[in-house]
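The values are calculated or read from the model by the stated rules, or taken from the named source; none is laboratory data. These numbers come from a predicted model, not from an experiment. Here the Cβ is made from the backbone with ideal geometry for all residues, glycine too, and neighbour counts use every protein chain on show. Protein only, heavy atoms only, side chains kept; ligands, DNA and RNA dropped before computing areas. Shrake-Rupley method; radii C 1.70, N 1.55, O 1.52, S 1.80 Å.
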Amino acid sequence: MKLMVPVAAMMLAIPALASAREPKPVDPNQRVCKEMGVTGSRFTKKTCHTRAEWTQIDKANANEAGEAMRTRRSDSALPQQGG
């Protein structure tokens, strides 16, 4: 009987712990500012967009990087013309 009380208390606490770990929903319209490095300068520039805009920017950058890698890979697969 003494063992049953602590086990029951733990069983009741588990759902409370699970709900505490759930992430808060993020607002896609929340404005987020990031410090961006400026090429050729030691200074940074503050750039602000909404979370939704940052998501689109990140996807576009990933697509461009992937395309650059595919182009680079296909160019290096071509036979070299010697002279």
>> What's the total number of residues in region 43-59 that are open to solvent by 70 Å² or more (accessible area, probe 1.4 Å) and in a strand (DSSP E or B)?
In response: 3
> Restricting attention to region 25-42, and to residues there that are within 16 Å of I57 (Cβ to Cβ) and polar (S, T, N, Q), which single residue is most open to solvent (accessible area, probe 1.4 Å)?
Replying inline: N29
